[in-house]
Ligand SMILES: *Cc1c(COP(=O)(O)O)cnc(C)c1O
């Protein structure tokens, strides 16, 4: 019996229910993944007790010798992994990493140019409801009707806006980002170039997506999406002056004591990303996504941009009489978890949308390969073809549960 089971059965039971949900469903939300049990052990460690405001060897508290050791290890591994000179491993999330980047280099009312949320960008890239859109004057570029960024258009917009910073990176873009082109645009208008690779970092570090360095001045990422580490963020740069500004922006700028247990877990996650097996995983993520896209196209679905170069596909239902929300609900009742998403040419509200985003990182982490993805993609098409057929959804749910049970990710002892 675990301590939790003994001392707080109510919480324990909820955790067990969530464990069962994660094991029995097919998790295809593109931003989610299954982290390593070793990462969870580090995250659940005694470092959760430690205050360590400041940075290694420059702390505001005593007793930080091991906090220093673990943070330095996380920094060194991050630098090796991303090929950068400096890393800040303290951001509590991807959003806080981005908030710190803005605070480090911008003054209120400065102009930023990012990707439109409804075109696949992130809230933190200047959306009006986010602090990035309230503190700074935000402007946007997007994708064309073919689902791709047109870099000539981005340049045209940049010339008009004259932003202090250009943000490149997305949460729902199925194609490669051309960081070199973004660099040329940034140089043309004298902007700082900031890449937010939250979604694609796991592919980048495996050499399966072009590297933002040396083109970008600053790079941020989450550690829990394709990187498969603990929830959190990291900021990278090769410029010493910029690194100092980033450090001050994180602490004391926007955060207090760092989550040392999460930093320990980040070190473990980076360690996994540095192993040769990581490249095999990243390759598999891409080939699984490709099968997903190919099957859906073959089954007559409109896959945005005609395919995928990375870990996700966007499917558009603009030519169908059901919405992204309908599709999300139907797939969920068949045990397949995806999320609704706006698509190029969107006509519905962001709460309804005309598309879904489907990702392969989590199921790839369970060991599923192209063979399983072909089966799953066909089941997705079966459900969408007959979206009101509740019995079919029930039937497929049982089949998907059976499939999932052949790919054990965690056992009960995980807690
Ligand atoms: C997920 C995401 C973030 C934010 O990460 P959180 O940890 O959820 O705050 C930032 N940028 C992009 C592009 C993302 O996809």
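Values in this text are rule-based calculations from the coordinates and carry no lab data. Source: prediction; values computed, not measured. No Cβ is skipped: glycine too gets one built from the backbone with ideal geometry, and neighbour counts run over all protein chains shown.
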**Prompt:** Which whole-number percent of Cα pairs in the stretch 208-249 have a distance greater than 13 Å?
**Reply:** 60 percent
**Message:** Taking a ≥ b ≥ c as the square roots of the Cα gyration tensor eigenvalues, with a/c under 1.5 meaning rounded and otherwise prolate when a/b beats b/c, else oblate, which class fits the chain?
**Reply:** oblate
**Prompt:** Over the stretch 66-163, what relative contact order in percent results from Cα pairs under 8 Å that are six or more residues apart?
**Reply:** 19 percent
**Request:** Report, as a whole number in µm² per second, the diffusion coefficient that Stokes-Einstein gives for the stretch 174-227 at 37 °C and 0.692 mPa s using the Kirkwood radius over alpha carbon pairs.
**Result:** 287 µm²/s
**Asked** How would you rank 385, 294, going from fewest to most other Cβ atoms within 10 Å of each one's own Cβ?
**Response** 385, 294
**Message:** I want the antiparallel fraction of DSSP beta bridges within the chain, as a percent rounded to 5.
**Reply:** 55 percent
**Request:** Residues in the stretch 121-139, backbone N under 13 Å from the label point at residue 107 (7 Å along the Cα-to-beta-carbon vector): list them, ranges by number please.
**Result:** none
**Fill in**
Residues 168, 216 in order from fewest to most other beta-carbon atoms within 10 Å are 216, 168
**Fill in**
Assertion target for 182, 322, ordered by fewest C-beta neighbours within 10 angstrom first, is 322, 182
**Message:** Need the full-extension length gain, residue 391 to residue 65, defined as separation in residues times 0.36 nm minus the C-alpha distance. One decimal, nm.
**Reply:** 111.4 nm
**Complete:** So for the stretch 179-288, using the alpha carbon gyration tensor with a ≥ b ≥ c as root eigenvalues (a/c under 1.5 gives rounded; past that, a/b versus b/c decides prolate or oblate), I'd call it oblate
**Asked** For the stretch 53-190, what Kirkwood radius comes out of the mean inverse Cα-Cα distance, in Å?
**Response** 16.8 Å
**Prompt:** Could you work out the helix-only [θ] at 222 nm for the chain, with each DSSP H run of four or more residues adding -39,500 (n - 2.57) and the total divided by the number of residues, to the nearest 500 deg cm²/dmol?
**Reply:** -13500 deg cm²/dmol
**Prompt:** At residue 57 and residue 2, where each label point lies 7 Å from the Cα along Cα→Cβ, what is the point-to-point distance in nanometres?
**Reply:** 3.9 nm
**Asked** At 4 °C and 1.567 mPa s, what whole-number value in µm²/s does Stokes-Einstein give for the translational diffusion of the stretch 300-341, with Rh from the Kirkwood sum over Cα pairs?
**Response** 117 µm²/s
**Message:** Cut-off 10 angstrom, C-alpha nodes, Gaussian network model of the chain. Which of 370, 237, 221 fluctuates the most?
**Reply:** 370
**Fill in**
Computed over the chain, the relative contact order (Cα-Cα under 8 Å, seq sep at least six) in percent reads 23 percent
**Fill in**
Length gained, residue 20-residue 128, 0.36 nm per residue minus C-alpha separation, equals 35.1 nm
**Asked** Using a simple spin-label model with points 7 Å from Cα along the Cα→Cβ vector, what separation in nm is obtained for residue 407 and residue 382?
**Response** 1.7 nm
**Message:** Could you order the peptides 310-320, 239-249 from most to least packed, using the average number of other C-beta atoms within 10 Å per residue?
**Reply:** 310-320, 239-249
**Prompt:** Under the definition of Cα pairs under 8 Å and six or more residues apart, what whole-number percent is the relative contact order of the stretch 243-382?
**Reply:** 24 percent
**Alpha carbon convex hull of the stretch 132-179, volume per residue in cubic angstrom** = 95 Å³
**Paramagnetic reach from residue 244 in the stretch 40-65 [backbone N under 20 Å; point 7 Å along Cα→Cβ]** = 54-60
